[in-house]
Amino acid sequence: MIAHARARFDHVAARRVLKEKYQARMLFAYNGGMWQAGPELQCTLLSCTQDIKVVLLDLYDTPVEITVAELLALARSHWQEQMNAWLVEHDQLSTKR
């Protein structure tokens, strides 16, 4: 029973490390600012008119002028790349039970 509990704990710790790893990989630079690809950024960009430039605060609260369509395309592609890689590693981790 104790060995099973330790194995379960290690699995939970490995999942937590995996999450931290991929959340760190969600960061990317664009137009002098640092951005985190994710639903929040994508929703913010979708609420703006796509063909204009706007000023948004990046992760470090620095105002950056961005082109909405460009940043949205970068955020979507970066998000999807990292989520696909995360899924592959998560599936590999799940088979180690």
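Observations on the model:
- Within segment 41-60: backbone nitrogen closer than 13 Å to the Thr67 label point (7 Å, Cα to C-beta): 50-54
- The chain: calculated mean residue ellipticity at 222 nm from DSSP helix runs of at least 4, using -39500 (n - 2.57): -21000 deg cm²/dmol
- Degrees between helix 68-94 axis and first principal axis of the chain (Cα, 0 to 90, nearest 10): 0
- Structural descriptor for the chain: relative contact order 29 percent, calculated from alpha carbon pairs under 8 angstrom and at least 6 residues apart.
- Local net charge near Ala37, Cβ-Cβ under 13 Å (Lys/Arg +1, Asp/Glu -1): -1
- Taken one residue at a time, the phi angles of segment 36-48 give Karplus couplings (6.51, -1.76, 1.60, θ = phi - 60°) of 10, 5, x, x, 5, 5, 5, 5, 4, 5, 5, 7, 9 Hz. Gly and Pro are set to x.
- Simple label model, 7 Å out from Cα along Cβ direction - Lys21 to Cys43, nm: 2.8
- Applying 1/(1 + (r/R0)^6) with R0 = 22 Å to the Cβ-Cβ distance of Leu59 and Glu89 gives a FRET efficiency near 0.35.
Rule-based calculations on the coordinates, nothing more; no lab input. Here the structure is a predicted model, which is why all the values come from computation and not from measurement. Don't worry about glycine lacking a Cβ; one is built from the backbone with ideal geometry, like all the others, and counts go over all protein chains shown.
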